[in-house]
Every structure is written in structure tokens, then in C-alpha cells.
Amino acid sequence: MIVSGSTSQVLAASLARELERPLAPVDYQRFPDGELLASVPDFDAEEAVIVASTLSSDAHVELLQLQDALAEAGCAEVTTVVPYMGYSRQDAAFEAGQPISSRAIAKAVSTGTDRVLTVNPHERAVCDFFEPTAEAVDAAGVLADPLPRDLTDPVFLSPDAGAISIAETVRDAYGEGEVDYFEKTRLSGDEVDISPSDADVTGRDVVVTDDIIATGSTMSEAVAILGERGVGRVYVTCVHPLLTTNAYTKLSRAGVETIYGTDTVERPASAVSVAPVLAERLE
Ligand code: R5P
């Protein structure tokens, strides 16, 4: 049985089709005081795969409730798929007195599951916070699927060195092209300074790839720099299209025509599904 969190209903349905497994009935309620109640009415199976991106604190609570509801229903084996793991960028205590938020959340999620899978976590090290260790699924290759086959001498760029493996994976899936990255310094929560990479991009089509687009600050800086260098077409892609607040407008104003990501985060820009990659791992 596939059990969907409210944030991942499209992906859960796609995964159920890929695996030819039934989609369990689910119910999500909110009480007048704001508390949540997620349940699995009439659940009757030995095994379940919960699919729930933890995009918000509510989504975390909902996931814990679904795990507990399955235990209550006598489900013997639970796999938890967290397509996008919220708080994964809080993977260290950056100042004295801070928590390691992703560790705290991973511990809680681990209590109600036998196995955890997560897609392209921001830092692989967060997988070790789960017990047993979560499996990191690299689904970035699907980002090559919507690209036109006639890219001109393509360059696959990541906005920082940390995301270069994503650019490499997309390039490999596309089949040809150079890989490079920008140097990035984060100035504040929504401001970054990006210095140009070494690749000569003049007249070439560029695919900029990242794990997450959140505020769009990183990408819009990168795209603005590319504009100054006379590039050809620019495609902006990411695994997790959070696209918070004014990110889409910011990127469009920076001159991006095509922005897309996967369905780990369900947004209008979620053009490709990670379901086939997850299904392969779960079969
Ligand atoms: C950071 O290291 C990540 O790889 C992304 O570049 C970052 O999270 C994107 O955030 P934003 O869209 O807010 O610049």
C-alpha cells in the first residue's frame, strides 16, 4: 500500500502506478486550535510505503501521525519516503546554542519506520542522522528529460561547488556537454554574491542545475551574470523547486525563460517525476 502525505499526493499516485500497488485512503483534518489529524481509514495491509515531503513543520507532524496510525492499524513494515527533506540545510549547529535541526527531525521520523529513503538530500551526511541510515536516492538525471536535443555546445553549471555532482549527473543523462560551477558567497538569507565560473559560455546554451531553488537568489544572480556574457538559451533546473515567495518572479525578471524541477516538491514548475527512480529502488 502507498500512503500519501498531503504534500506529496501527485508523486505518491505516480509511484503507486509505477509499482502497481494500491493507494491507501487517507484523511487530513485540522482542528479549530490548529492541531492536525492525519489518518489512514480502514487500513488493512502488512506493508506500507509513506510518501511525504516535509515542506513545513505541519508536514513533519503529519508524517509522524501517519506512521503512528499505521502502527495502530497493525502494519508490520513501514518504509518512509521523504522526497524533499525539510530542515536538511540545518545540518550543523552553526553557532553556539543552536540545534542540529535535521538530526532532531531524523530521530523523530526514525521511531516510526523500518527504512527511510530521501531524494538528493542537501548534504548526504543528514542520512546518518536516521536509524537505520537513510538511503539517498539520486534522481537528478531526470532533469535532462525535458531538455531539447539540439542544445548548442552545452555547458552544465552549478551555482556552487557543492552542487557540481548534480550538474555532472544531468550532463551524463543528457549525453554531452561541459560541466562547471560558480563561486558563491551567501551574504544573508536572501542575498548571495556569485563570481563567474571559468567556462567560456559565449554563444553556448547553458543549463544551470541546483539541488534546491528556494528564494531564487542564487539562480537569479547566476543567470544575470550569464546574461552579461552573451550566452545562448538558459535553462534553470533543480531537483527540489521550493520556489518560495517571489522566487518565480525574481527568476523571470532575471531573464530565465524555462524553470523546472521534479515532483519532490509539487509546484507548477514540477515538470518531471522522480517516481520511476524511486520505484526502481523500492521494487
Ligand atoms: C545551497 O547551498 C543550495 O544548494 C541552494 O543553492 C540554495 O539552497 C538555493 O537557495 P536560494 O534559492 O534561496 O538562493
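The values are calculated or read from the model by the stated rules, or taken from the named source; none is laboratory data. Everything numeric in this text was worked out from a predicted model, so none of it was measured. Backbone-built Cβ (ideal geometry, glycine too); neighbour counts: all protein chains shown. Note: areas computed on protein heavy atoms with side chains; ligands, DNA, RNA excluded. Shrake-Rupley method; radii C 1.70, N 1.55, O 1.52, S 1.80 Å.
What the table below lists for this structure:
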item	result
Residue count, the range 149-169 (criterion: open to solvent by 40 Å² or more (accessible area, probe 1.4 Å) and part of a loop (DSSP other than H, G, I, E, B))	4
The range 224-240 residues that are on the phi > 0 side of the Ramachandran plot, paired with ones that are open to solvent by 30 Å² or more (accessible area, probe 1.4 Å) (beta carbon under 7 Å, 6 or more apart)	230/202; 230/203
Residue under evaluation residue 281, criteria (1) closer than 30 Å to residue 49 by Cα; (2) touching a helix residue (DSSP H, G or I) at 6+ places or on another chain (Cβ under 6 Å), criterion not met	(2)
Condition check for residue 20: free of Cβ contacts under 8 Å to residues at least 60 places away in the same chain, open to solvent by 20 Å² or more (accessible area, probe 1.4 Å) and under 19 Å from residue 135 (Cα atoms)	no
Qualifying residue in the range 110-133 (condition: open to solvent by 60 Å² or more (accessible area, probe 1.4 Å) and in a strand (DSSP E or B))	yes
Residue within the range 204-214 that is within 10 Å of the ligand (Cβ to nearest atom), assigned to a loop (DSSP other than H, G, I, E, B), open to solvent by 20 Å² or more (accessible area, probe 1.4 Å) and among the hydrophobic types (A, V, I, L, M, F, W, C) present	no
Identity of the residue in the range 43-78, surrounded by 19 or more Cβ atoms within 10 Å (Cβ to Cβ) and hydroxyl-bearing (Ser, Thr, Tyr), that ends up farthest from residue 33 (Cα to Cα)	53
Residue 220 vs. criteria more than 13 Å from residue 154 (Cα to Cα), open to solvent by less than 60 Å² (accessible area, probe 1.4 Å) and in contact with a Leu (Cβ under 9 Å, 6 or more places away or on another chain)	yes
So residue 104, is it in contact with a strand residue (DSSP E or B) (Cβ under 7 Å, 6 or more places away or on another chain) and not acidic (Asp, Glu)	no
